[in-house]
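The values are calculated or read from the model by the stated rules, or taken from the named source; none is laboratory data. Treat the numbers as computed from the prediction; the structure is a model and nothing was measured. All Cβ positions, glycine included, derive from the backbone under ideal geometry; neighbour counts span all protein chains shown. Ligands, DNA and RNA are excluded from the accessible area calculation, which covers all protein heavy atoms including side chains. Shrake-Rupley method; radii C 1.70, N 1.55, O 1.52, S 1.80 Å.
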Amino acid sequence: MLPTTSRAFFSTEFLATRFMLWSLFWVNLLGTIYGYMWYGNQLVFTVRELSPAYLPFVPDSPTASLFFTLVLLFLLLDSYRGRAQHQAADWFRGCVEALAVITSFKYGIWAVSMIWAGAYQGDHVDWAGWMLTLSHLGMAAEVLLYMRLYTYRTLPIIIAGLWTLLNDFMDYTVGVYPWLPDELNDDLSMVAAFTVELSFVSIIIAFVMMKLRTILTKRQV
């Protein structure tokens, strides 16, 4: 049964329904595929001009949405088979969840910031820019909405945080950062600083969400 109030649409019960999980799963899966296609030219450039070894550090947003797609798959499996079936894989699941939270929030906010920072300096924002703005804001929002359903603990946050910071290091030392609007190319040092700061903010958010989840769970017991 669908909720009848706006507040109920954001309830854990509704978010955990198969209707919502399947809907978001397909939206994120298709968005992930489109995202990798969007990075197609940069992936080819990286192979030809740099090294195939750098490919994992190129498509930031699609990889972030891939992590959340896997989280949704875990939740769907829970709904069909029961939570006890997944205990053996909790360490892996926790890492995927932490990566989804940190990278989806980070790159969701990062992409929107770059689009509109470029627009502020004169770049034209077309339909694709608006589409990317809405989709990336959705990336950041959806990982926050599912806070109560995550299972990750401190170690997965550390692992995911180290990966995210490594990605930043590779982006701005090797030069595999997402291609920017031309108007921002002369602001690369500020973009790099903003990116690293956003990584730390995202890591802190993942940690705060874990603590809040623990507090809310104890109140329900």
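Conditions (1) among the hydroxyl-bearing types (Ser, Thr, Tyr); (2) farther than 26 Å from residue 72 by Cα; (3) at pLDDT 95 or above, marked per residue:
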| residue | (1), (2), (3) |
| --- | --- |
| 151 | yes, no, no |
| 159 | no, no, yes |
| 166 | no, no, yes |
| 171 | no, yes, yes |
| 184 | no, yes, no |
| 191 | no, yes, yes |
| 200 | no, no, yes |
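Mind telling me which of the residues 111, 53, 64, 98 ends up being closer than 25 Å to residue 161 by Cα and out of contact with any helix residue (DSSP H, G or I) (no Cβ under 9 Å at 6 or more places or on another chain)? Even if it seems obvious, please write down each step before you answer.
Details: 111 fails: out of contact with any helix residue (DSSP H, G or I) (no Cβ under 9 Å at 6 or more places or on another chain); 64 fails: out of contact with any helix residue (DSSP H, G or I) (no Cβ under 9 Å at 6 or more places or on another chain); 98 fails: out of contact with any helix residue (DSSP H, G or I) (no Cβ under 9 Å at 6 or more places or on another chain).
Among 111, 53, 64, 98, only 53 is closer than 25 Å to residue 161 by Cα and out of contact with any helix residue (DSSP H, G or I) (no Cβ under 9 Å at 6 or more places or on another chain).
Can you find a residue in the stretch 113-125 that is modelled with pLDDT of 95 or more, of a type in the set (Phe, Trp, Tyr) and open to solvent by 30 Å² or more (accessible area, probe 1.4 Å)?
yes
Name the residues in the stretch 44-67 that are under 20 Å from residue 181 (Cβ atoms) and either buried (at least 18 other Cβ atoms within 10 Å of the Cβ) or touching a strand residue (DSSP E or B) at 6+ places or on another chain (Cβ under 8 Å) (or both), would you? If you could, list the steps in order and put the result at the bottom.
The first filter runs over the stretch 44-67 and keeps only residues under 20 Å from residue 181 (Cβ atoms), leaving 45-46, 58-62.
Matches in the stretch 44-67: 46, 58, 59, 60, 61, 62.
Which residues, counting only those in the stretch 121-148, are under 18 Å from residue 38 (Cβ atoms) and among the β-branched types (Val, Ile, Thr)?
Hits for the stretch 121-148 are 125, 133.
Looking only at the stretch 136-146, decide whether some residue is modelled with pLDDT of 95 or more, over 19 Å from residue 97 (Cβ atoms) and surrounded by fewer than 20 Cβ atoms within 10 Å (Cβ to Cβ).
yes
What is the residue count in the stretch 87-126 for residues that are within 18 Å of residue 180 (Cα to Cα), acidic (Asp, Glu) and assigned to a helix (DSSP H, G or I)?
Taking the stretch 87-126 as the starting set, the residues that turn out to be within 18 Å of residue 180 (Cα to Cα) are 106-126.
Filter again for acidic (Asp, Glu), leaving 123, 126.
Subset that is assigned to a helix (DSSP H, G or I): none.
Summing the residues that are within 18 Å of residue 180 (Cα to Cα), acidic (Asp, Glu) and assigned to a helix (DSSP H, G or I) in the stretch 87-126 gives 0.
For residues that are exposed (fewer than 12 other Cβ atoms within 10 Å of the Cβ), out of contact with any helix residue (DSSP H, G or I) (no Cβ under 8 Å at 6 or more places or on another chain) and not charged (D, E, K, R), scanning just the stretch 3-18, find the one that is modelled with the lowest pLDDT.
The selected residue is 4.
Quick check on my filter: what residues within the stretch 5-57 are farther than 26 Å from residue 76 by Cβ and in a loop (DSSP other than H, G, I, E, B)?
39, 51, listed by residue number.
Please tell me if residue 172 is open to solvent by less than 40 Å² (accessible area, probe 1.4 Å), assigned to a helix (DSSP H, G or I) and hydroxyl-bearing (Ser, Thr, Tyr).
Details: open to solvent by less than 40 Å² (accessible area, probe 1.4 Å): no; assigned to a helix (DSSP H, G or I): yes; hydroxyl-bearing (Ser, Thr, Tyr): yes.
Taking the combined requirement at face value, the residue does not satisfy it.
Quick check on the stretch 58-71. Is at least one of its residues at pLDDT 95 or above, on the phi < 0 side of the Ramachandran plot and not in a helix (DSSP H, G or I)?
yes
Quick one: count up the residues across the stretch 126-135 that are open to solvent by 30 Å² or more (accessible area, probe 1.4 Å) and farther than 17 Å from residue 30 by Cβ.
3
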